[in-house]
Amino acid sequence: MSVVSFNKEEIMQASVEAPAKPVVAVVNPLSTTATAATPSLQRRGAWAAAAKVVVEWLLPPMIGLLVFGAIWATVAALTQGVPGPVKTWLSAVELFGDPFYINNPNDMGIGWNILNSLKRVATGFALAAIVGIPMGFVIGRYTFMSRMAAPIISLLKPVSPLAWLPIGLLVFKAADPAAIWVIFITAVWPMIINTAVGVSKVPEDYLNVAKVLNLSEWKVVTKILLPYVMPYMMTGVRLSIGAAWLVIVAAEMLTGGVGIGFWVWDEWNNLNVEHIIIAIFIVGIVGLLLEQLLVLVAKRYSYE
């Protein structure tokens, strides 16, 4: 192996004899233009995306609310005694300025009335879930139980919930448990029916695999039925909470006490129409929030 070496003089001589060629930089004018235009194009794209969101999602509901407000204002102007949007808004600001005052047991702020109604709805709804969901699993799982329960459900489900109120007053001897009873009987049917339908639609192959593996009934319910039935069950829960919140207003009108329904009736007796309209909005907003909450729960615990 040979070793090649160069001394310093040879290197200097070679560099003199072969002068370095000048390096010419080639600049593409189009690349400079494109680079300078990129931020501008990005801004335009962002503005276009924001405009699309406004047009598709924000503009339609805003127009709807404006049309609703215009119709409301027109009806208020043509009808004596009906307050318009501005007057109702000012009354709402005053009402929610102190929502938790207590003058006496029959004179409380709007906040206490809403909370008492929610407490009744939560109690009746929880009882309906404890009874209705397991019953739906049993009815959907066993044909004999389904045939046995079918005539009872078909007979009692169409009955108006308020028709059950006198029965509740007779049995419980008090207005508060009677109102909870009405909520229970209202909320239990959608849970039973939707859960039973979901169980009945479980593919037979799944159950055959469970038989082959010799799974216990608890394993079948928790590992096979529940994941498949969850969307049906959550649909029943959403229907139940909506119906329960609607019925509590009517039930409290008849039973009295502290609650949004009794508050509406009391304001009618005082001829305070602004507060009645405010109560209508409260019922709608609370019902919407309850439904959206259950939608979030359904997405969080989805087994799909």
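The values are calculated or read from the model by the stated rules, or taken from the named source; none is laboratory data. Computed from a predicted model, the values in this text were never measured in an experiment. We place every Cβ from the backbone using ideal geometry, glycine too, and count neighbours over all the protein chains shown. Heavy atoms of the whole protein, side chains included, go into the accessibility calculation; ligands, DNA and RNA do not. Shrake-Rupley method; radii C 1.70, N 1.55, O 1.52, S 1.80 Å.
Odds and ends about this structure:
- Residues of segment 102-125 that are open to solvent by 40 Å² or more (accessible area, probe 1.4 Å) and over 22 Å from Ala243 (Cα atoms): Ile102, Asn103, Asn104, Pro105, Asn106, Asp107, Met108.
- Selection within segment 55-83: residues that are loosely packed, with under 11 Cβ neighbours inside 10 Å and among the β-branched types (Val, Ile, Thr). The member of this set that is nearest to Ile276 (Cα to Cα) is Thr79.
- Residue in segment 179-190 that is open to solvent by 60 Å² or more (accessible area, probe 1.4 Å), within 30 Å of Glu204 (Cα to Cα) and within 26 Å of the chain's Cα centre (by Cα) present: no
- Candidates Val159, Val171, filtered to the one that is open to solvent by less than 60 Å² (accessible area, probe 1.4 Å) and more than 30 Å from Glu217 (Cβ to Cβ): Val159
- Against the list (1) in contact (Cβ under 8 Å) with a residue 60 or more places away in the chain; (2) in a helix (DSSP H, G or I), the condition Gly257 fails is (2).
- When residues of segment 232-244 are limited to those that are of a type in the set (A, V, I, L, M, F, W, C) and more than 14 Å from the chain's Cα centre (by Cα), the one surrounded by the fewest Cβ atoms within 10 Å (Cβ to Cβ): Ala243
- Answer from Val220, Val229 - the residue that is surrounded by 15 or more Cβ atoms within 10 Å (Cβ to Cβ), under 27 Å from the mean Cα position of the chain (by Cα) and among the β-branched types (Val, Ile, Thr): Val229
- Flag if Ala34 is at pLDDT below 50, assigned to a helix (DSSP H, G or I) and either more than 30 Å from Ile277 (Cβ to Cβ) or within 25 Å of the chain's Cα centre (by Cα) (or both): yes
- For segment 200-217, the tally of residues that are open to solvent by 100 Å² or more (accessible area, probe 1.4 Å) and either closer than 20 Å to Ile133 by Cα or of a type in the set (D, E, K, R) (or both) stands at 4.
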